[in-house]
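Reviewing the structure listed below.
The values are calculated or read from the model by the stated rules, or taken from the named source; none is laboratory data. If you're wondering where the values come from, they're calculated on a predicted model, not measured in any experiment. When we count neighbours, we look across all protein chains shown, and the Cβ atoms used for this are built from the backbone with ideal geometry, even at glycine. Please note that ligands, DNA and RNA were not included when accessible areas were found on the heavy atoms of the full protein model with its side chains. Shrake-Rupley method; radii C 1.70, N 1.55, O 1.52, S 1.80 Å.
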Amino acid sequence: MELKTFLRKRWPQLKQNRVPLQELNEERDTEISLSSFKAVYSQIKSVFVLSDSIVIIPTYNEKENIENIIRKVFSLPDVFHILVVDDGSPDGTAEIVKSLQEEYEGMIHIEERSGKLGLGTAYIHGFKWALERNYEYIFEMDADFSHNPEDLIRLKTACIEGADLAIGSRYIRGVNVVNWPMSRVLMSYFASVYVRLVTRIDIQDATAGFKCYRRVVLATIPLDKIKFIGYAFQIEMKFTAIKYGFNVVEVPIIFTDRTEGTSKMSTKIFREAFLGVIQIKLNSFFRKYK
């Protein structure tokens, strides 16, 4: 394994001087000289805490998942920062995040809101926060591992190669969903069919919530005019990006239902999406996209 890659994986321990040089040599099977270690360590230290990418993770009662998802993101070969937007989780989710901030100094951030204010408003809050700090690639991702953090790299690559918005799509190549009951698979799949029928946007997974935006997209869309909070929010953001002429690309992923914690899906959210699609389309007739 390349020295830089090896040291990057052990960064949290190295930063706190928890891993002796002898132990690193034993793990790596090839000897690291003190001079090469110091040279590469200084590079890792200066680069690792800097990133052009931020992953926004909204949370409400995700104590079973939040530490694991954070550590998984930080184990990736590419450098991502994380912003957790927590809606006053009574289970202590925010406290877990804050306990990790010293270990991952400068890489993990948290915004705490009072009360359960909805997925859409959490992301809008996160988008504005990220834009103020000049991140180039801004991601949406769930905390429950239904979105595989390893796919962050593939979504970012799609944007680097020309997409303005890259969507982690369950339906671009068949149906790639694991551990959902058939009733929910059918509901989700035909919801996207319904969205395409009403809005005429050519997106196979219209309700997908695993996405990478280039900052220009979020800087262009008037975020205060995005009104929906559930699945309709995800539809509205895709529809609006397309109406503004941005290049939207679907990247195939495998979606795996959560194994820990409780789903936030409800009939209210589904009803908002069903009726919201019609409202989104009607509103577009009276709105200018420049």
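Determine whether Asn134 is modelled with pLDDT under 95, within 21 Å of Met237 (Cα to Cα) and surrounded by fewer than 17 Cβ atoms within 10 Å (Cβ to Cβ). Give the steps one after another, and end with the answer.
On the way: modelled with pLDDT under 95: yes; within 21 Å of Met237 (Cα to Cα): yes; surrounded by fewer than 17 Cβ atoms within 10 Å (Cβ to Cβ): yes.
It is true that Asn134 is modelled with pLDDT under 95, within 21 Å of Met237 (Cα to Cα) and surrounded by fewer than 17 Cβ atoms within 10 Å (Cβ to Cβ).
Between residues in region 58-81 that are at positive phi and surrounded by fewer than 22 Cβ atoms within 10 Å (Cβ to Cβ) and residues that are of a type in the set (Ser, Thr, Tyr) and not in a strand (DSSP E or B), which pairs lie under 9 Å by C-beta distance while being six or more apart or on different chains?
Listed pairs, sorted by first residue: Asn61/Ser89; Asn61/Thr93; Asn61/Thr262.
Can you tell me how many residues in region 126-143 are part of a helix (DSSP H, G or I) and either under 22 Å from Asn65 (Cα atoms) or basic (Lys, Arg) (or both)? Walk me through it before giving the result.
Step one: of region 126-143, the residues part of a helix (DSSP H, G or I) are 126-132.
Within this subset, residues satisfying the condition of being either under 22 Å from Asn65 (Cα atoms) or basic (Lys, Arg) (or both) are 126, 128.
Summing the residues that are part of a helix (DSSP H, G or I) and either under 22 Å from Asn65 (Cα atoms) or basic (Lys, Arg) (or both) in region 126-143 gives 2.
Identify all residues within region 144-166 that are over 14 Å from the mean Cα position of the chain (by Cα) and assigned to a loop (DSSP other than H, G, I, E, B); write none if there are none.
Within region 144-166, Glu161, Gly162, Ala163, Asp164 meet the criteria.
Let me spell it out: the conditions are (1) assigned to a helix (DSSP H, G or I); (2) touching an Asp or Glu at 6+ places or on another chain (Cβ under 8 Å); (3) open to solvent by 20 Å² or more (accessible area, probe 1.4 Å); (4) at pLDDT below 95, and Val216 meets all of them except one. Which number is the exception?
With (1) assigned to a helix (DSSP H, G or I); (2) touching an Asp or Glu at 6+ places or on another chain (Cβ under 8 Å); (3) open to solvent by 20 Å² or more (accessible area, probe 1.4 Å); (4) at pLDDT below 95 applied to Val216, the lone miss is (4).
Within region 173-183, can one find any residue that is more than 19 Å from the chain's Cα centre (by Cα), of a type outside the set (Gly, Ala, Ser) and closer than 24 Å to Phe239 by Cβ?
So far as region 173-183 goes, yes, one or more of its residues are more than 19 Å from the chain's Cα centre (by Cα), of a type outside the set (Gly, Ala, Ser) and closer than 24 Å to Phe239 by Cβ.
Among the residues of region 110-125 satisfying the criterion of being part of a helix (DSSP H, G or I) and aliphatic (A, V, I, L, M), which is nearest to Ile96 (Cα to Cα)? Steps first, please.
First, the residues of region 110-125 that are part of a helix (DSSP H, G or I): 119-125.
Applying the additional criterion that residues be aliphatic (A, V, I, L, M) yields 119, 122, 124.
Values: Leu119: 20, Ala122: 19, Ile124: 23 Å.
Here the answer is Ala122.
Does at least one position in region 76-85 carry a residue that is in a strand (DSSP E or B), closer than 18 Å to Asp151 by Cα and not aliphatic (A, V, I, L, M)? Before the answer, list the steps.
Just the residues of region 76-85 that are in a strand (DSSP E or B), to begin with: 81-85.
Subsequent filtering for residues that are closer than 18 Å to Asp151 by Cα retains 81-83.
So of that shortlist, the ones also not aliphatic (A, V, I, L, M) come out as 81.
Checking region 76-85: at least one residue is in a strand (DSSP E or B), closer than 18 Å to Asp151 by Cα and not aliphatic (A, V, I, L, M).
Would you pick out the residues in region 58-72 that are of a type in the set (Val, Ile, Thr) and in contact with a helix residue (DSSP H, G or I) (Cβ under 7 Å, 6 or more places away or on another chain)? Full working, then the answer.
Initially, region 58-72 is screened for residues of a type in the set (Val, Ile, Thr), giving 59, 66, 69-70.
Within region 58-72, Thr59, Ile66, Ile70 qualify.
Looking only at region 236-273, count every residue that is β-branched (Val, Ile, Thr), closer than 16 Å to Ile124 by Cβ and either assigned to a loop (DSSP other than H, G, I, E, B) or at pLDDT below 95 (or both) and tell me the total.
So the first thing to find is which residues in region 236-273 are β-branched (Val, Ile, Thr), and the list is 240, 242, 248-249, 251, 253-254, 256, 259, 262, 267, 269.
If we keep only those that are closer than 16 Å to Ile124 by Cβ as well, we get 240.
Of the ones still in play, those that are also either assigned to a loop (DSSP other than H, G, I, E, B) or at pLDDT below 95 (or both) are none.
Here the count works out to 0.
Taking interchain pairs and intrachain pairs at least six residues apart, which have beta carbon atoms under 8 angstrom, with the first residue in region 178-202 and on the phi > 0 side of the Ramachandran plot and the second assigned to a loop (DSSP other than H, G, I, E, B) and surrounded by 14 or more Cβ atoms within 10 Å (Cβ to Cβ)?
Every condition considered, the pairs that remain are Asn179/Asp257.
Is there a residue in region 95-104 that is free of Cβ contacts under 8 Å to residues at least 40 places away in the same chain, buried (at least 23 other Cβ atoms within 10 Å of the Cβ) and over 25 Å from Leu165 (Cα atoms)? Break it down into steps so the answer makes sense when it comes.
So in region 95-104, the residues free of Cβ contacts under 8 Å to residues at least 40 places away in the same chain come out as 95-102.
Narrowing the set further to residues that are buried (at least 23 other Cβ atoms within 10 Å of the Cβ) leaves 97.
Imposing the further condition that a residue be over 25 Å from Leu165 (Cα atoms) reduces the set to 97.
Yes, because at least one residue in region 95-104 is free of Cβ contacts under 8 Å to residues at least 40 places away in the same chain, buried (at least 23 other Cβ atoms within 10 Å of the Cβ) and over 25 Å from Leu165 (Cα atoms).
Search region 219-234 for residues that are at pLDDT 95 or above and pair each with any residue that is open to solvent by 60 Å² or more (accessible area, probe 1.4 Å) when their beta-carbon atoms are under 8 Å apart and the residues are at least 6 apart or on different chains.
Here the result reads Leu223/Lys128, each pair linking region 219-234 to a residue that is open to solvent by 60 Å² or more (accessible area, probe 1.4 Å).
Considering Ala232, Ala208, which residue is surrounded by 17 or more Cβ atoms within 10 Å (Cβ to Cβ) and assigned to a loop (DSSP other than H, G, I, E, B)? Full working, then the answer.
Working: Ala232 fails: assigned to a loop (DSSP other than H, G, I, E, B).
Testing whether each residue is surrounded by 17 or more Cβ atoms within 10 Å (Cβ to Cβ) and assigned to a loop (DSSP other than H, G, I, E, B) leaves just Ala208.
Could you tell me whether Asn148 is touching a residue at least 24 places away in the same chain (Cβ under 8 Å) and at positive phi?
Details: touching a residue at least 24 places away in the same chain (Cβ under 8 Å): yes; at positive phi: no.
No.
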